[in-house]
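*Asks:* What follows is a structure written as structure tokens; I'll ask about it next.
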Amino acid sequence: MENGQFLRNLWYFALEGRKLRKGRLQTKEVLGEKIAFGRNPDGKPFALKDNCPHRGVPLSEGTFDGQTIRCCYHGWEFDCTGACQKIPALADGALELKRIKISSYPCKELNGAIWVYMQDGKYPDHDPEVRFPDLMVPADKRLLHIDTVRIPAGMDEAVIGLIDPAHVTFVHQSWFWRTAKSARLKQKQFEPVGLGFKMVRHKPSANSKGYSMFKGQTSTEITFQLPGHRLEHIQVGETDTILSITLLTPINERLTELNHFAYSSLNFTKYIYWPLRKLGKVFIGQDVRVFEKLSKGLQNEPKQMLLGDPDAQARWYFDLKKKWHLCIEQKTQFSNPLKPQMLSWIT
Ligand code: FES
Ligand SMILES: [Fe+2]
């Protein structure tokens with residue numbers, strides 16, 4: 001499998017908002033870059049390259065009082081935008097200060113999730129806002145956190161694992177969901193959308209017991225978009241929705257973080273949250289275990305194949321990725337390369 005460079009000029013989920021407390025710097029690796037996250041005096045999140053511009057010591061090793069970051073080595077001070085404020089050892093430092101700035105990343109908080117925009121150094125895009133992902137959650141509502149796990153695999157393997165229908169029968173077998181014996185032929189219509197594709201709205205599979213807990217008409221639509229966002233939008237009755245949101249963030253070439261969230265407009269969220277959370281954790285645990293096995297296999301550098309309809313979405317992912325890289329390099333508008341298509345498989 002090609003382990004292409006990371007996709008840039010896109011937003012990645014970084015942290016749960018509630019975990020980033022005021023007056024603290026939190027460091028996290030995203031796309032192989034160490035980033036220091038914090039909150040400015042207004043409470044807005046910021047993201048800075050976690051290196052002091054003087055000699056490179058991590059800023060997160062220094063101090064932060066909610067306003068000023070002070071490096072632990074020679075005490076240089078910075079504000080939350082990364083601008084240098086003070087160089088204690090410099091007798092006449094006023095002129096130097098203006099030139100010194102820590103590189104910063106666009107950073108944004110919505111629905112209780114903090115996102116970071118990973119710019120392409122060579123081909124920057126000056127309007128990050130345009131690509132901010134739409135998770136279909138009202139702006140004033142919070143996502144419910146289900147689980148965070150780290151998958152011992154690169155982003156490509158992690159994405160393919162997320163959109164691969166054929167593993168469900170063998171990896172996610174359980175009495176309360178479905179069993180291998182209940183597998184049957186599925187036909188699903190797909191359409192291109194945004195930076196990805198969607199399985200168009202349909203009734204849930206008759207062999208998925210999980211859905212039967214919702215009374216009334218239910219239908220689902222599953223969307224996948226670059227860089228690695230999967231949204232399962234369940235419509236319950238006329239007006240209510242339940243969303244299951246999976247966001248993948250590459251930590252580095254060999255490690256990918258999966259964050260799973262839920263949102264529901266239903267006021268009995270507090271009753272379905274715990275069973276939903278339990279179910280989510282069971283599924284993710286099953287995926288992580290199979291990823292551990294896969295990573296053992298990959299050490300042997302086997303050839304891999306993407307075969308037929310069950311692997312079509314994986315091939316689409318690579319097509320989308322290739323197109324995205326091309327658009328960035330040629331500075332052209334992204335146009336989705338996919339066509340509507342019906343896929344069939346047995347699960
Ligand atoms: S390395 Fe940070 S002040 Fe010198
Ligand atoms: Fe899975």
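A short reminder: the numbers here are calculations on the coordinates, not readings from a lab. Remember, it's a predicted structure, so these values are computed and weren't measured experimentally. Counting neighbours? That spans all protein chains shown, and the Cβs are built from the backbone with ideal geometry, glycine included.
*Asks:* Please determine, in degrees from 0 to 90 and to the nearest 10, the orientation of helix 269-298 with respect to the longest principal axis defined by the Cα atoms of the chain, where the helix direction is its Cα long axis.
*Replies:* Helix 269-298 sits roughly 80 degrees off the main axis of the chain.
*Asks:* What are the radius of gyration and Dmax of region 10-131, computed over its Cα atoms and given in Å?
*Replies:* 14.5, 46
*Asks:* Continuing with the same structure: Run down the lysines and flag those whose C-alpha is under 18 Å from the C-alpha of Lys331, throwing out any fewer than 8 positions away in its chain.
*Replies:* Of all the lysines, those that pass the test against Lys331 - Cα under 18 Å, at least 8 places apart if same chain - are Lys122, Lys321, Lys322, Lys323.
*Asks:* For region 331-344, what does the Karplus curve 6.51 cos²θ - 1.76 cosθ + 1.60, with θ = phi - 60°, yield as ³J(HN,Hα) per residue in whole Hz, taken in order and with x for Gly and Pro?
*Replies:* Coupling constants for region 331-344: 6, 10, 5, 6, 10, 4, x, 8, 10, x, 7, 9, 10, 10 Hz.
*Asks:* Could you pull out the trypsin sites (Lys or Arg not before Pro) across region 51-121 that fall in loop regions by DSSP (anything but H, G, I, E, B) with no more than 16 other Cβ atoms inside 10 Å? Intermediate values should be presented prior to the final figure.
*Replies:* Numbers: sites: Arg55, Arg70, Lys86, Lys98, Arg99, Lys101, Lys108; in loops: Arg55, Lys98, Arg99.
For trypsin sites (Lys or Arg not before Pro) across region 51-121 that sit outside H, G, I, E and B with at most 16 neighbouring Cβ atoms in 10 Å, the list reads Arg55, Lys98, Arg99.
*Asks:* List the longest stretch of the chain that has no exposed loop site; here a site is one of the GluC sites (Glu not before Pro) assigned by DSSP to anything other than H, G, I, E or B, with at most 12 other Cβ within 10 Å.
*Replies:* Working: sites that count: Glu2, Glu238.
With GluC sites (Glu not before Pro) excluded where exposed in loops, the chain gives 3-237 as its longest stretch.
*Asks:* log10 I(q)/I(0), Debye, Cα-only the chain, no solvent, q = 0.12, 0.16 Å⁻¹?
*Replies:* Ignoring solvent entirely, the Cα scatterers give -0.94, -1.49.
*Asks:* For the pair Glu253 and Met342, what calculated FRET efficiency results from E = 1/(1 + (r/R0)^6), where r is the Cβ-Cβ distance and R0 = 30 Å, to the nearest 0.05?
*Replies:* So, using R0 = 30 Å, E works out to roughly 0.25.
*Asks:* Output the lone cysteines of the chain: those with no second cysteine's C-beta under 4.7 Å from their C-beta.
*Replies:* Unpaired cysteines in the chain: Cys72, Cys80, Cys84, Cys107, Cys327.
*Asks:* Taking Rh as the Kirkwood radius, which is the inverse of the mean 1/r over Cα pairs, what is the Rg/Rh value for region 144-346? Write down the numbers at each step before the final one.
*Replies:* On the way: Rg = 17.2 Å, Rh = 18.1 Å.
Rg/Rh: 0.95.
*Asks:* Placing unit charges on C-beta atoms (Lys and Arg positive, Asp and Glu negative, everything else neutral), compute the dipole magnitude of region 236-347 about its Cα centre in debye, rounded to 20.
*Replies:* The dipole magnitude comes to about 200 debye.
*Asks:* Can I ask one more? Give the long-range amide H neighbours of Glu29: residues separated by 5 or more places, or on another chain, with amide H under 5 Å away, using H modelled in the peptide plane at 1.01 Å from N.
*Replies:* Residues meeting the amide H criterion: Ile35.
*Asks:* Calculate, for Arg150 and Leu306, the FRET efficiency according to 1/(1 + (r/R0)^6) with r their C-beta to C-beta distance and R0 25 Å; round to the nearest 0.05.
*Replies:* Given R0 = 25 Å and the Cβ-Cβ separation, E is 0.50.
*Asks:* Under a GNM of the chain (C-alpha, springs under 10 Å), which listed residue has the highest mean-square fluctuation: Pro45, Pro88, Pro128?
*Replies:* Pro88
*Asks:* So for region 10-131, taking the charge dipole from beta-carbon charges (+1 Lys/Arg, -1 Asp/Glu), which of Gly38, Thr81, His126 sits furthest toward the positive end?
*Replies:* Positive-most Cα among the choices belongs to Gly38.
*Asks:* Something else: So what is the calculated 222 nm ellipticity per residue for the chain, using -39500 (n - 2.57) for each DSSP H run with n of 4 or more, over all residues, to the nearest 500 deg cm²/dmol?
*Replies:* -6000 deg cm²/dmol
*Asks:* Next question. Sequence gap at least 6, Cα distance under 8 Å: using those rules, report the relative contact order of the chain to the nearest whole percent. If you can, show how the numbers build up before the last one.
*Replies:* Numbers: 648 pairs, mean separation 64.4, N = 347.
Result for the chain is 19 percent.
*Asks:* I'd like the Karplus ³J(HN,Hα) series for region 137-143: coefficients 6.51, -1.76, 1.60, θ = phi - 60°, whole numbers in Hz, and an x wherever there's a Gly or Pro.
*Replies:* Residue by residue, region 137-143 yields 10, x, 4, 8, 9, 9, 6 Hz.
*Asks:* Scan around Thr256 for amide H atoms under 5 Å from its own, H built in the peptide plane at 1.01 Å from N, and keep only partners 5 or more places away or cross-chain.
*Replies:* Ile151, Ala153, Ile251
*Asks:* Chymotrypsin sites (Phe, Trp or Tyr not before Pro) within region 9-118: which are DSSP loop residues with at most 15 other Cβ atoms inside 10 Å?
*Replies:* Within region 9-118, the qualifying chymotrypsin sites (Phe, Trp or Tyr not before Pro) (loop, at most 15 other Cβ atoms within 10 Å) are Tyr73.
*Asks:* If you don't mind, there's one more thing I want to ask. In whole Hz, what ³J(HN,Hα) sequence does region 120-132 give by Karplus (6.51, -1.76, 1.60; θ = phi - 60°), x for Gly and Pro?
*Replies:* 7, x, 8, 10, x, 10, 8, 10, x, 3, 4, 9, 5
*Asks:* For the chain, what is the charge dipole size about the Cα centre, in debye to the nearest 20, if Lys and Arg each add +1 at the Cβ and Asp and Glu each add -1 at the Cβ? Before the final figure, lay out each step's value.
*Replies:* Working: 49 positive and 37 negative charges, 183 e Å.
The dipole of the chain has a size of about 880 debye.
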